[in-house]
1. Mind jotting down the three principal axis lengths of region 2-114 based on Cα atoms? Whole angstrom, largest first.
2. Fewest to most neighbouring Cβ within 10 Å: what's the order for 334, 358?
3. Out of the DSSP beta bridges found with both residues in the chain, what percent are antiparallel (nearest 5)?
4. Taking Cα atoms of region 137-364, Rg/Rh with Kirkwood Rh, to two decimals?
5. So if R0 is 51 Å, what FRET efficiency would residue 18 and residue 218 give, r being the distance between their Cβ atoms, rounded to the nearest 0.05?
6. Could you check the simple spin-label distance between residue 184 and residue 290, using points 7 Å along Cα→Cβ, in nm with one decimal?
7. Which of the helices in the chain meet the span-like rule: DSSP H, Cα axial reach of 18 Å or more, Kyte-Doolittle mean at least -1.0?
8. Can you tell which of 339, 98, 88 lies farthest toward the positive end of the dipole of the chain, using +1 and -1 charges on the Cβ of basic and acidic side chains (Lys, Arg; Asp, Glu)?
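Please treat every number below as a calculation from the coordinates, not as lab data. Note that the structure is predicted; figures quoted are calculated from it, not measured. In this analysis, Cβ positions are derived from the backbone assuming ideal geometry, glycine residues included, and neighbour counts consider all displayed protein chains.
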Amino acid sequence: MVSEEKGGNPLIFIAEDIPKNLQVLCNILRKESYRISAAGNGRQALNMIPEVRPDLILLDIMMPEINGFEVCEELQKDPKTKEIPIIFLTAKAETADIVRGLKAGAVDYITKPFNGAELLARVRTHLELKFAREELKELIATRDKFFSIIAHDLRNPLQFLVLSSDLLYNDYDSLAEDSRKEYVRKFYTGTNRISALLENLLDWSRSQRGLIECKPEKIDLRMMARENIDLLKAQAKSKDIRAVSRVDPGIFAFADKNMIRTVLRNLLSNAVKFTDTGGEVVIDAYRKGDHVEITVSDNGVGMTPEAIDGLYRIDGSKSSIGTARERGSGLGLILCKEFTEKNNGTIDVASKPGKGSIFTVTLPAK
């Protein structure tokens with residue numbers, strides 16, 4: 001078995017039982033700086049491929065234990081490997097073998113002896129097709145997510161506001177004072193949620209189109225933390241949640257002020273959303289060498305590892321319900337990750353169900 005160091009270039013997996021042939025293939029593929037992983041028989045290939053998740057597979061047919069046709073058929077059954085393009089590379093050149101290979105799920109069939117330039121051309125073509133399919137899939141997921149947000153997360157609160165305003169307008173005199181105040185409070189909360197959602201939608205849309213320019217500057221994190229806490233006072237007060245900043249004076253980050261303001265606003269809003277009545281949300285910041293760490297922690301409901309895995313993916317994020325039935329779009333955390341990374345930073349989360357969450361944003365300090 002052979003497995004080369006990971007990097008950014010496409011990973012090609014070779015299943016070939018003849019060492020000389022394997023060496024020739026490796027030499028050809030290295031000319032294009034492809035990463036290479038390899039196995040000497042079908043059994044090894046089936047064990048390795050789901051783990052290394054290559055971008056393309058070059059598969060010999062005549063191998064010991066399990067032949068290439070059987071390997072291909074098994075890979076097609078596994079959702080983890082089904083989408084990986086397979087090119088058969090074999091001396092079996094009869095039409096029946098080629099047809100069987102394509103029926104088994106291969107995307108191409110190259111017969112030995114092969115021409116190196118032709119092999120590279122076919123590998124390049126099928127990699128481009130694979131990456132194009134993945135990009136199209138992501139674009140479709142993005143479109144579906146966008147329409148889902150508009151259809152549910154925006155329409156529902158708008159409908160509530162329309163009904164509430166209609167009731168207040170037509171039945172104001174017949175309502176008790178407590179009822180009026182409650183409707184006004186809900187109206188205020190609803191308009192704030194819609195405003196925050198629209199801001200996220202617009203920011204995300206502009207970010208996807210490359211229209212947001214990153215302009216780093218010196219940011220006073222103590223002041224920014226207090227500004228965001230003030231913005232969330234009403235939301236926190238409605239749930240009797242204590243939202244506090246513990247950022248000391250003299251803690252600065254070097255980043256785009258508007259982007260980081262959006263990041264902190266979303267992290268704090270999420271923390272309040274998923275914290276029970278009477279809980280606590282804390283924002284803090286620490287200087288660590290050339291970087292600064294900003295933490296937003298809560299003692300709320302927490303998250304499972306599965307939920308954490310889908311936090312920053314447009315196809316994996318879901319609209320979750322808060323502890324007071326608040327709705328969200330899932331866009332906030334996606335924006336947090338995009339904006340943090342645009343500022344040469346990182347975002348991490350530590351969380352356990354029932355134990356709360358701690359989001360940590362790391363940014364350059366100078």
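1. 38, 32, 23
2. Numbers: 334 22, 358 17.
Placing the least packed residue first, the sequence is 358, 334.
3. Details: 31 of 51 bridges.
That works out to approximately 60 percent antiparallel.
4. Values: Rg = 18.3 Å, Rh = 18.5 Å.
Radius of gyration over Kirkwood radius for region 137-364 works out to 0.99.
5. Numbers: r = 62 Å, r/R0 = 1.21.
About 0.25, to the nearest 0.05.
6. 5.5 nm
7. Result, helices passing both filters: 116-148, 155-171, 257-273.
8. Most positive-ward Cα: 339.
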